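Reading through the structure tokens given below for one structure.
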Amino acid sequence: MFSYTTKRLFSLIPVLLGMTLVVFFIIRAIPGNPAQVILGQRATKEAIEALTEQLGLNKAWYIQYFNYLKDLAHLDLGTSLRTKAEISQEIFPYLAATFELTFVAMFIAIVVGVNAGIISAWFSKSWFDYVAMLLALVGISLPIFWLGLMEQWTFSIQLGWLPTTGRENVRNPVEAITNLYLLDTLLRGRMDQFIDVVKHIILPSFALATIPMAILARMTRSTVLEVMNADYIRTARAKGLKMFVVVYKHALKNAFIPILTVIGLQIGLLLGGAILTETIFGWPGVGRYLYDAIAYRDYPVIQSGVLIIAFFFVMINLIVDLLYGFIDPRIKYTE
Amino acid sequence: MKKGLFLFLTFLLALSSLLAGCGDDSNKSNSGGDSKSGGTLVFARGGDSTSLDPITSTEGETFRVTDNIFENLLEYGETDTTIQPSLAESWDVSSDGLVYTFKLLKGVKFHDGTEFNADAVVYNFDRWMNGDVDKFPYYTMFGDFKGKEGAVIKEVKAVDANTVQFTLTRSQAPAHPVGTGPFQFVEWKESDKIVLKKFKDYHVKGEPKLDGVIFRVIPDNSARLNALKGGEVDVIDGLNPSDESKVSGDSSLQIIKRPSMNVGYLGFNVETKPFDNKLVRQALNMAIDKNALIKAFYAGQAIPAKNAMPPSIEGYNDAVVDYKYDLTAAKAKLAEAGFPNGFTIDLWAMPVARPYMPEAQKVAEVIQANFKEIGVTVTVKTEEWATYLDDAAKGNLSMFMLGWTGDNGDADNFLYTLLDKDSIGGNNYSRYSNDALHDILIKAQTESDPAKRNDLYKQAQVIIHDDAPWVPLVHSTPLMAAGENVKGYVAHPTGSESFKGVSLK
């Protein structure tokens, strides 16, 4: 188990290295010069040339790439071309905002989605099953920007229950500690702000949760349904176990591996920043941070930002792989 | 010399009185507490600032914030681009137009408590002039840096504590921005918010009325309007024209119209076929129904354009008669040009909403339908915005939609910037070059008699009209919306304004 983990961790290095290479070339292949974008439409040719040189963008690509790798080896993620700030520091609040949103959205998606799937399988072909699966289909197909605007219209404008956009009440701003505002407001003992932050996160997290929720519901239903026909389930029922225990203990546990895989992939995806949700809800997350960086051709931010996201993605998949062993002891991690 | 004078005064406007200083963190925003006075206004916009040091930027979203932190020796009139006193209470110009003497306001303090005086002005101009392209690579306004050929300012000196003298040769970043303006900087979180609070020692008594201003970024136009309706923000920028009725029909909201100083156009790259043929360009000028576009996509908040600059700018030639929308004539013209059966071409439409063109894709589809009627088959294309501008500047787009919002209300800033041969590779995306036009535009830059200067620009517009490097489409009135309790908000044609006179009722 330990050696498996170490091996997997080492295998991350070529993956991430390959990642840097791909990102490095893709962003340089897209037209557009960072100097031009930073200086704006009104800049002169001379100014653009001078800035290009100052940013080191006129050097050969391999020199640029090796300089970048050298910095990475020193754990230096570089500085933003646009803001001149250290990326490792600058990206932090945006990552935190995305983490918080992802966490809440996945919590909702798992609680609702998995349970809906289980109940649908339990009472398959019942009206609940049909309605839940229809809703899941709708959930997968709904354009998120439309859903977001409809949520705002319903819950903010018509009902006046929840705020439309942002993470906090800007007139009563949160003083950040970890940048996870749900946590920060509690640490500071500001219940008024905690409630504000909860109110702000509800709409975007529901919008963000719809797709994973729908996928999980459908996935859970089909895997649980499959397991329900297995012999050991029949045995469990035959020995008179309560249906609830049969379903939630025996069936779910055996059906959980594919569900866990989907959860891992979805968390990985959401951590990359949900650009549409973040745009509609004015959520200052890592998706918009990177999107802005692409618009500004801020090469170091794009490179390092994508690298960080890729890192989290592979780490979460590693954790998921390790969790398989806890769920199913038959799975052994061998060489 | 008028251009010299005008541009010079404009530069002074652009250049703010900055002092590097440390923001004090002692009085962190306590906006939750005392709400006895003006309240904090929340302004929502689509994009963030690129910098808060106005000396290093040429971009509008930056000035929108810095205009509240910094002040200039001079400022624009409240709703126009006339030059008004600000930190300079009066000024004299020598008869040769080379020496400018400014009398400064007394008793003005910077946010960190330092006295504003002539030395501070000299320091700031020296900071810029002694800079180089590495430090302030963005600046071309003063001609060039000190000592270089082309530098406009020869010397800036303090005559006494309250007098500064500028001598001309021919007719920028602190961690926390500290200025003399009505509001002082508190916090900036990129792509999210910028927080400013009232400067208590502001030199104009009774101003500002607000306790603070918060600039929030909400990228989506509809979501921004929702935030206004939900009462989370007080003023929003970039209201979709099609949403105007939603705001005007709501008694708790008001519309704020920004005076128009822009042009949206369809450009032809005149170096590519078939647009190297003037007759083709003229034919296409006859084939677009501008009034229909305005009705459909601007909710009437625009006027059809016939010139490359808006009528609000001095020197506008109203005598130019626009090509009449006439498909038969257009078809005949196209036949005369040698294309009786039309041709096939790509039409590039912007991927983003701009004040002069909120819905470029849809406008492109209407143009596509218009052109179809005269046999010109168009494929509408688009690409990501930075790439779009880059391709346009390189001349890779042969027919494209674009536009321009004026920086300073001067004709030069439209005609020379957008259509002179000097600007090819820059903002002359049509790569249009006409020597006669060039001579006129250069002459106008140094003409000191306003009437003669206006005449020159009028001639220029006749030439441009005849050569037709563009189809000028519209001059739009950008719309903003605000809560009904917002008082005294006057939108400025340049796109940014100070909030010192604004209050919340």
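The values are calculated or read from the model by the stated rules, or taken from the named source; none is laboratory data. Quick caveat, the model's predicted, so the values are computed rather than measured. Please note: Cβ atoms are built from the backbone with ideal geometry, for glycine as well, and neighbour counts cover all protein chains shown. Each accessible area value is taken on the protein alone, full model and side chains, heavy atoms only, with ligands, DNA and RNA left out. Shrake-Rupley method; radii C 1.70, N 1.55, O 1.52, S 1.80 Å.
Some notes on this structure:
- Region B:455-494, residues that are in a loop (DSSP other than H, G, I, E, B), open to solvent by 20 Å² or more (accessible area, probe 1.4 Å) and not hydroxyl-bearing (Ser, Thr, Tyr): B:PRO478, B:GLU484, B:ASN485, B:GLY488, B:VAL490
- Unique residue being surrounded by 17 or more Cβ atoms within 10 Å (Cβ to Cβ) and touching a Pro at 6+ places or on another chain (Cβ under 6 Å) when the list is B:SER398, B:SER430, B:SER423: B:SER430
- Restricting the search to helices (runs of 4 or more DSSP H) fully inside region A:241-335 and requiring at least 1 residues that are on the phi > 0 side of the Ramachandran plot gives an empty result.
- Neighbours by Cβ (under 6 Å, 6+ apart or cross-chain): first from region A:164-185, under 16 Å from B:ALA44 (Cα atoms) and within 13 Å of another protein chain (Cβ to nearest Cβ); second open to solvent by less than 10 Å² (accessible area, probe 1.4 Å) and part of a loop (DSSP other than H, G, I, E, B): A:THR165/A:PHE281; A:THR165/A:GLY282; A:THR165/B:ILE218; A:GLY166/A:GLY282
- The helices (runs of 4 or more DSSP H) found wholly in region A:1-77 and carrying at least 2 residues that are open to solvent by 80 Å² or more (accessible area, probe 1.4 Å), over 30 Å from B:SER423 (Cα atoms) and not polar (S, T, N, Q) occupy A:2-29, A:61-73.
- Residue within region A:97-108 that is in a helix (DSSP H, G or I), within 29 Å of A:LEU323 (Cα to Cα) and at the interface with another protein chain (Cβ under 10 Å from one of its Cβ atoms) present: yes
- Residue that is nearest to B:LYS362 (Cα to Cα), among those in region B:301-325 that are open to solvent by 50 Å² or more (accessible area, probe 1.4 Å) and part of a loop (DSSP other than H, G, I, E, B): B:TYR325
- Beta carbons closer than 6 Å, at least 6 apart along the sequence or on distinct chains, pair a first residue in region B:373-396 that is facing another protein chain (nearest Cβ under 8 Å) with a second that is crowded, with 17+ Cβ neighbours inside 10 Å and β-branched (Val, Ile, Thr) for B:ALA386/A:VAL37.
- Search result, residues across region B:267-288 that are basic (Lys, Arg) and more than 17 Å from B:ILE464 (Cβ to Cβ): B:LYS273
- Tally of residues being within 13 Å of chain A (Cβ to nearest Cβ) and crowded, with 24+ Cβ neighbours inside 10 Å across region B:236-258: 1
- B:ALA369 crowded, with 23+ Cβ neighbours inside 10 Å and assigned to a helix (DSSP H, G or I): no
- Of the residues in region B:374-386, at least one is open to solvent by 20 Å² or more (accessible area, probe 1.4 Å), assigned to a loop (DSSP other than H, G, I, E, B), farther than 30 Å from B:TYR457 by Cβ and modelled with pLDDT of 90 or more.
Listed here are the residues, each with its yes/no results for (1) within 20 Å of B:PHE400 (Cβ to Cβ); (2) under 33 Å from the mean Cα position of the chain (by Cα); (3) assigned to a loop (DSSP other than H, G, I, E, B); (4) modelled with pLDDT under 95.
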| residue | (1), (2), (3), (4) |
| --- | --- |
| B:LYS331 | no, no, no, yes |
| B:ALA335 | no, no, no, yes |
| B:PRO340 | no, no, yes, yes |
| B:VAL352 | yes, yes, yes, yes |
| B:GLN361 | yes, yes, no, yes |
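- Filter result (crowded, with 17+ Cβ neighbours inside 10 Å and more than 24 Å from the chain's Cα centre (by Cα)) within region A:84-120: A:ILE118, A:ILE119, A:SER120
- Residues (facing chain B (nearest Cβ under 8 Å) and buried (at least 20 other Cβ atoms within 10 Å of the Cβ)) located in region A:121-148: A:GLY148
- As a summary of the residue check, A:LYS59 satisfies the conditions (1) modelled with pLDDT under 90; (2) away from chain B (no Cβ under 14 Å); (3) under 25 Å from the mean Cα position of the chain (by Cα) except for the one numbered (3).
- Region B:100-114 - residue that is out of contact with any Asp or Glu (no Cβ under 8 Å at 6 or more places or on another chain) and open to solvent by 40 Å² or more (accessible area, probe 1.4 Å) and, of those, farthest from B:ASN162 (Cα to Cα): B:THR114
- Candidate set: region B:404-420, residues that are assigned to a helix (DSSP H, G or I) and under 24 Å from B:ASP391 (Cβ atoms); chosen: the one most open to solvent (accessible area, probe 1.4 Å): B:TYR416
- Matching residues, region B:197-227, being within 30 Å of A:LEU276 (Cβ to Cβ) and either among the aliphatic types (A, V, I, L, M) or more than 10 Å from chain A (Cβ to nearest Cβ) (or both): B:VAL213, B:ILE214, B:VAL217, B:ILE218, B:ASN221, B:ALA223, B:LEU225, B:ALA227
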